[in-house]
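Before any comments, here is the structure.
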Amino acid sequence: MLGSAARLAGLVALTGAGAAGTASCAAPSSVASGKTPLRYWHLFGGGDGVTMQAMLDAFEAEHAGIALDAAQLEWGAPYYTKLGMAGAGGRAPEVAVLHLARLPGFGPGKLLDAFDLDLLAEYGVRPGDFPAEIWDRGAIGGKQYAVPLDTHPLVLYYQTEICEQAGLLRADGRIKTLEGAGEFVDALRAIRRVTGRPPLVMETTGADAAGPARVFATFYAQTGGTLLDDTGTRLTLDEDKALRVLEFMRMLTHDGLAVRVADYQGSVGIFNAGETGLALNGDWEVSTYLETELPFSMAPVPTLFDRPAAQADSHSFVLPHQEDRGGEANRAAHRFVAWMLRHSADWASGGHIPAYTPTLSKPAYLKLEPQSEYRHVIDYVALDPPAWFAGSASLMWLELGHIFSGVFTGSRTPESALAEARAGLKKLLDTPSPLGDIPAPGGDQA
């Protein structure tokens, strides 16, 4: 078994990050003030960051006895490197944010401490308040290491004025339900007759493009296909189903039904400029389009294949490992997590679907338009397989995103992309986790 220093070195190398951020691990000065210190690390910038800061300000205003010290770190690999190093040193903040699909690769029990469910319940949050599949993915080895704040799926954005001209809106102004690939293609052609341009845009290229993998994962999940088994250790790629999806993806750009070359920012700009009627993207871009007053709305990704599904991850709270975790600071961390969950209607303004289900029926959430239009996606989100190399900003996303980008741009055939994807996944499976063997996620609580 690798020693902790070697495991951490492996983690840093495999995440490909050298920059480790600047947030301090030192004890906060508030210790001397008599307040309970509570350090919180997160990775939210842009619109998410503004919303998070407003929630943090509200928490501070209600909890005069807690000295909250919040730090926003750089999103992606640098954030996870910093968080891993802090946990390995046992000097981590009391609470932090982690993408749920990255939990198996983040050393639960090593780099993370487990939640005290009795303490969470004391502050009003219980396991039954969450969709079982999402909650269970936060449990490893019978202990709860991640508590989900939200889920953020791939969704369909649509320009209301263009779609109305194309005859795609219902009387209530919402887009018609498009069932099956045939109806979706018909809708794209109707939009193209209005605009004279490719009717759909999504991220198809870029140095770290994850969009092609997210689109593939959504439609592949709709076929019922899986990449890995429930333990995250065995390849289960169904070649017939995967090829069916890849051929559909290739057809979209080859037939001029989707923009062939668009990096992430380019795809947002094209939709924002009104050049396309539809866009596939994560729910977080709602803030961008609301700010520009674009005539748009949002809906779940249409079911083009056999069942509803949408690729998603989940921002979750975790307790980075502290050698002396406990006492009032740990109690404050649980209180903070519960408070954020019970106020997640505020968080939903940024587009994410609250994972704390009591929020989904609150008037404050239901009045959010178009954010509440796709809330039912939470019942059928397709999370990444439970592997140490999966999850947002992970090695798997980079590998598959690069390969499937070629399907959109035409540099790869669906067949060659499928072969590359299989080889890439096999290589990742053959690479030992830098943190050693980690039990698969599951719902059994100790």
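Each of the trypsin sites (Lys or Arg not before Pro) that DSSP puts in a loop and that has at most 13 other Cβ atoms within 10 Å breaks the chain; the longest unbroken stretch is 1-169.
Mind giving me the FRET efficiency for D430 and A132? R0 is 45 Å, r the Cβ-Cβ distance, nearest 0.05 is fine. Can you show the working numbers first?
Values: r = 32 Å, r/R0 = 0.71.
The calculated FRET efficiency here is 0.90.
Highest mobility in the GNM of the chain, judged by mean-square fluctuation with C-alpha springs under 10 Å and restricted to P108, P363, P320, is found for P363.
Over all other residues within a Cβ to Cβ distance under 15 Å of Q72, the charged ones net out to -2, with Lys and Arg as +1 and Asp and Glu as -1.
The per residue volume of the convex hull around the alpha-carbon atoms of region 189-250 is 105 Å³.
Pull up the DSSP beta bridges for the chain and report the antiparallel fraction as a percent, rounded to 5.
On the way: 29 of 44 bridges.
Percent antiparallel among DSSP bridges in the chain is about 65.
On the principal axes of its alpha-carbon atoms, the chain has extents of 68, 48, 37 Å, going from largest to smallest. Mind listing which GluC sites (Glu not before Pro) in region 128-209 are in a DSSP loop and have 13 or fewer other Cβ atoms within 10 Å? Taking region 128-209 and a limit of 13 other Cβ atoms within 10 Å, the loop GluC sites (Glu not before Pro) found are E179.
Solvent-accessible area assigned to carbon and sulfur over region 153-260 amounts to 44 percent, based on a 1.4 Å probe. Among the protein heavy atoms of region 289-343, carbon and sulfur supply 41% of the accessible surface, probe 1.4 Å, non-protein parts ignored. Taken along the Cα-to-beta-carbon direction at a fixed 7 Å, the label points for V50 and A207 span 2.7 nm.
When the helices of the chain are scored as -39500 (n - 2.57) per DSSP H run of n ≥ 4 and the total is divided over every residue, the value at 222 nm lands at -11500 deg cm²/dmol. Here K143 is the anchor, and the lysines within straight C-alpha reach of less than 22 Å, apart from those fewer than 8 places off in the same chain, are K110. Using a Cα-Cα cut-off of under 15 Å, which aspartates and glutamates could be cross-linked to K241, ignoring same-chain neighbours fewer than 8 residues away? Hits, sequence-local ones excluded: D306, E415.
Whole number in Å², please: accessible area per residue of region 92-151, 1.4 Å probe, ligands, DNA and RNA not counted.
Numbers: 1560 Å² over 60 residues.
So region 92-151 comes to 26 Å² accessible per residue, rounded to a whole number.
So which GluC sites (Glu not before Pro) in region 268-371 pass both tests, a DSSP loop state and at most 10 other Cβ atoms within 10 Å of the Cβ? Walk me through the intermediate numbers first.
On the way: sites: E275, E285, E291, E293, E323, E328; in loops: E275, E293, E323.
Hits after loop and neighbour filter: E293, E323.
Note that region 267-360 presents 30 Å² accessible area per residue, ligands and nucleic acids not counted, probe 1.4 Å.
So, R0 is 51 Å and r is the distance between the beta-carbons of D306 and S33; what FRET efficiency does that work out to, to 0.05?
After rounding to 0.05, the efficiency reads 0.30.
Straightening the chain between T226 and K367 buys 47.2 nm, computed as 0.36 nm per residue apart minus the Cα-Cα spacing.
The values are calculated or read from the model by the stated rules, or taken from the named source; none is laboratory data. From a predicted model like this one, the values you see are computed outputs, not experimental measurements. We place every Cβ from the backbone using ideal geometry, glycine too, and count neighbours over all the protein chains shown. Only protein heavy atoms, including side chains, enter the accessible area calculation; ligands, DNA and RNA are left aside. Shrake-Rupley method; radii C 1.70, N 1.55, O 1.52, S 1.80 Å.
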